[in-house]
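Here's the structure, in structure tokens; my notes come after.
All of the numbers you see were taken from the coordinates with simple rules; none came from a lab. Quick caveat, the model's predicted, so the values are computed rather than measured. Don't worry about glycine lacking a Cβ; one is built from the backbone with ideal geometry, like all the others, and counts go over all protein chains shown.
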Amino acid sequence: MTFAFDERLDGVLSLVDRNALITEIKALVPELELLHQEEDLRPFECDGLAAYRNLPMLVVLPETVEQVQQLMKICHVRGVPVVTRGAGTGLSGGALPLTQGVLLVMSRFTRILAIDPAARVARVQPGVRNLAISEAAAPFGLYYAPDPSSQIACSIGGNVAENAGGVHCLKYGLTVHNVLCAEVVTAEGECMTLGSQALDAPGLDLLALFHGSEGMLGVITEITVKLLPRPEMAKVVMASFDDIAKAGRAVGDIIATGIVPGGLEMMDKLAIQAAENFIHAGYPVEAEAILLCELDGIAADVHTDCQRVRDVLKAAGATDIQLARDDAERARFWAGRKAAFPAVGRLSPDYYCMDGTIPRRELPSVLRSIAELAAEYRLRVANVFHAGDGNMHPLILFDASEGDQLQRAEALGARILELCVAAGGSITGEHGVGREKINQMCVQFNPAEITAFHAVKHAFDEYGLLNPGKNIPTLARCAEYGRMHIHHGALPFPELERF
Ligand SMILES: Cc1cc2nc3c(=O)[nH]c(=O)nc-3n(C[C@H](O)[C@H](O)[C@H](O)COP(=O)(O)OP(=O)(O)OC[C@H]3O[C@@H](n4cnc5c(N)ncnc54)[C@H](O)[C@@H]3O)c2cc1C
């Protein structure tokens, strides 16, 4: 059972002559591996958002940039859509294939090309796993800071395409702040270098534009990332609260001191209990919420900051405050947080992970509203998220085989995202728009803004062949979505009436 979607609204249904395409690829790029039997295509039918599925017409697994170029040239001439895929861990359906398109899988680009400890950079292929960069840099006392919870599996190419975040991005920035340079192949099969190995590059900042572009502007084939020295010391403070709103307020209080924690994460009761049962991290299962606050830097500063944070947490009403006694306990506290998604997945047959961002000050009220919405839709919601960034991840628990639970989960997810917009935030913090949030783009942006997005896409992809139907809605889709809201009498935002 999957979420319904209507590709007619995105104009991606032109028919492709599959056999002719296969014949041409085999003739012009004979060494390129192709998969076209149904049993070979099946593993690629979805990404991490399994509620959307589509069997790709064809899967290609290139090993060289030249193969990517040749494939893109063939698809460009034939008008064949191309969806690029990294590790397929995306949670918004960005790598969801098209039944009338090629799925270009970059998983064989796994080489770390160079590590330069003097310049503190690493040059890597896009299929390299996020964690593998830090592992390779470790002998030099260096690491790559952005650390999505999926870092053991997700690719750095996918991280750039989604502008991925993670626990440590509050202090060290998102992917966009940690990449110096990228090589890309365009829709026409040409190579471009974006950014430079130096701190700045002249011209328009196309490198930043590619961050979060979700495979819609080109194929990323090489990336130069910044490396940081490992901090001398890192400590984690865990605070328990008997009220989630108090925990939400404590987040703002910590930031107001001027301290920038290495990470500041929140989990609510359902998430705490799920993680504790799964990982045995030492979490307080009776607490309504916990905050995990990491402080890193030189030892003297870390000791002072720990004391200041403890004082703030106490004043904010924490019922218990623990400082991880050693690195092993610190790793355990983080292991619970990093495994929270799969842990919550053990509570119900299906779960749907949302990703919205709000101003930190709105945390208490938005958490309360999410609880009210969960009751309205008769579904359980666990909250585990990057509180310091205001980046929320409500996890909606449901059972797709039970009645209309799937539809209720999808509708509740949409309401939560729209709640984030109403609170002055955004419909994504790090998971991207993909297929999942395409309707909510119509809530976040007005027609002029959406038209500008289309103009930028058109500059890179004249025929709209790169990942069509994702990320940027057509105005027709927005008009349809606006009408739907009006029809149900639940129009949350008056600006939709303009469509
Ligand atoms: C358990 C779990 C936890 C997660 N935690 C986090 C988290 O903490 N923070 C976070 O940001 N995300 C998180 N994610 C989401 C996901 O891991 C990230 O979005 C990640 O960046 C996706 O990388 P990927 O290689 O799997 O990309 P894919 O899923 O394969 O693709 C994602 C998008 O990138 C495009 N793309 C991929 N490779 C390229 C390329 N070489 N060139 C051009 N476009 C490309 C695709 O077309 C698609 O639009 C989590 C996912 C899971 C399953």
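Annotations
- For region 233-343, the alpha-carbon coordinates run over 35, 29, 19 Å along the three principal axes, in decreasing order.
- Helical runs (DSSP H, four residues minimum) scored at -39500 (n - 2.57) apiece and divided by the length of the chain put the mean residue ellipticity at 222 nm at -10500 deg cm²/dmol.
- Gain upon complete extension [residue 245, residue 233; 0.36 nm per residue less C-alpha separation]: 1.3 nm
- FRET efficiency for residue 77 and residue 19, using Cβ-Cβ distance with R0 set to 22 Å, rounded to 0.05: 0.85
- For residue 164, distant residues with modelled amide H under 5 Å away: 175
- Which of 96, 22, 76, positive extreme of dipole for region 3-105 (C-beta unit charges): 76
- Applying a 4.7 Å cutoff between beta carbons, the unpaired cysteines of the chain are 46, 75, 154, 169, 181, 191, 293, 306, 353, 420.
- Neighbourhood net charge (14 Å Cβ-Cβ; Lys/Arg +1, Asp/Glu -1) for residue 401: -3
- For region 112-229, the calculated P(r), taken from all Cα-Cα distances in 10 Å bins from zero up to the bin holding the longest distance, is 15, 50, 31, 4, 0 percent.
- GluC sites (Glu not before Pro) lying in DSSP loop within region 253-321, provided at most 15 other Cβ fall within 10 Å: 286
- Equivalent ellipsoid dimensions for region 3-105 as semi-axes, Å, which come from the Cα gyration tensor, largest first: 22, 16, 12
- Listing 144, 52, 352 from fewest to most neighbouring C-beta atoms within 10 Å gives 52, 352, 144.
- The chain, Rg to Rh (Cα coordinates; Rh as Kirkwood inverse mean 1/r): 0.97
- Percent of C-alpha pairs per 5 Å bin, region 15-63, short to long: 5, 19, 25, 23, 16, 8, 4, 0
- Here the spin labels are modelled as points 7 Å beyond Cα on the Cα-Cβ line, and at residue 198 and residue 280 they lie 5.6 nm apart.
- Charges were assigned to the Cβ only: +1 to each Lys and Arg, -1 to each Asp and Glu. The resulting dipole of the chain about its Cα centre is roughly 420 debye.
- Debye log10 I(q)/I(0) for region 205-257, one point scatterer per Cα, at q = 0.18 Å⁻¹: -0.79
- Straightening the chain between residue 325 and residue 107 buys 74.5 nm, computed as 0.36 nm per residue apart minus the Cα-Cα spacing.
- Packing-based exposure ordering (other Cβ within 10 Å, fewest first) of 450, 298, 472: 298, 450, 472
- Only Lys, Arg, Asp and Glu carry charge here, each on its Cβ (+1 for the first two, -1 for the last two); on that basis region 166-287 has a dipole of about 440 debye about its Cα centre.
- Here region 437-486 was treated as a single set of alpha-carbon atoms; its pair distances binned every 5 Å from 0 give 5, 21, 32, 22, 14, 4, 2, 0 percent.
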